[in-house]
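A short reminder: the numbers here are calculations on the coordinates, not readings from a lab. This is a predicted model, so every value here is computed, not measured. Heads up, the Cβs are rebuilt from the backbone with ideal geometry, glycines too, and the neighbour counts pull from every protein chain shown.
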Amino acid sequence: MIRVPLAIVTQRQNEDGSAADGSIEASGGRARSLDEAPEGATERLARCGLQVERTEQSGAVQVTQGKTRLSGQTLQYDEEDGTAHIKGPVTFERPTDDGPLTGTADQIDINVDTQATTLVGNVTLRSGGGRVSQAARVEYDDQANTARLLGTASQPATSEKAGEEIRAAEILYLLDSGDVLVWRSDEVGISGKFEVEETP
């Protein structure tokens, strides 16, 4: 479910004349009908007698997907690639057994058909239990309750909690429990810092 102040929907037709998805542009702003189209108007909506004022507004786009609520500044969707691109700053929140999971990213891409969600750019996840995880890219699955953090040689995925830190090529974050599983790659090994209790 998506809530926005302003959405411009462009309808298209299939070859057989049936309606296609077309495209959607959503953002902050407003639109109003004019008594008549301005003389000499060249912009498509103005020629239709509409005045559209787009504004940059953080949190203008509000999306609910399963248990997750997220917000961003703009949303663009075109049926040709089938992906909704929500540009940020993006924030999101999801309830878990460990308290609310919150996070930020530069952009979120949602495949409309499969509901596959990818967080892109400076992704940070913060759990209510104190775990902080970061990656350049995260594959987020609300139904499976997982977030797959993907790292590179220059920017490994990281996850920290209570003074312990893990760095790896890939970290699978189990959202409800707050546990993590890690993998290495040929370019990125597994490293970290762990606190060990001393026994008397």
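To two decimal places, what compactness ratio does region 99-157 give when its Cα radius of gyration is scaled by 2.2 N^0.38 Å?
Values: Rg = 11.5 Å, N = 59, 2.2 N^0.38 = 10.4 Å.
Relative to the 2.2 N^0.38 Å estimate, region 99-157 comes out at 1.11.
Relative to the compact-globule estimate of 2.2 N^0.38 Å, the Cα radius of gyration of the chain comes out at 1.30. If you run the Gaussian network model on the chain, springs between alpha carbon atoms under 10 Å, then out of Gly17, Gly151, Gly103 the most flexible one is Gly17.
Tally Lys/Arg at +1 and Asp/Glu at -1 over every other residue whose Cβ is under 14 Å from the Cβ of Glu93; what's the total? Provide the component values of the computation, followed by the final result.
Working: positive: Lys67, Arg69, Arg94, Arg126; negative: Asp98, Asp142.
Residues close to Glu93 contribute a combined charge of +2.
Label-to-label distance for Ala162 and Val112 is 4.6 nm, based on points extended 7 Å past Cα in the beta-carbon direction.
The alpha-carbon of Lys193 sits under 18 angstrom from the alpha-carbons of these lysines, leaving out residues fewer than 8 places away in its chain: Lys161. Take the Cα of Ser23, step 7 Å toward its Cβ, do the same at Gln76, and the gap between the two points is 0.8 nm.
A dipole drawn for the chain from +1 and -1 charges on Cβ atoms has a positive end, and of Thr74, Leu119, Ser18 the residue lying farthest that way is Thr74.
Let's see if you can work this out: charge +1 on each Lys and Arg Cβ, -1 on each Asp and Glu Cβ, no other charges. What is the dipole magnitude of region 58-193 about its Cα centre, in debye to the nearest 20? Show your work: numbers first, answer last.
On the way: 12 positive and 21 negative charges, 116 e Å.
For this selection, approximately 560 debye.
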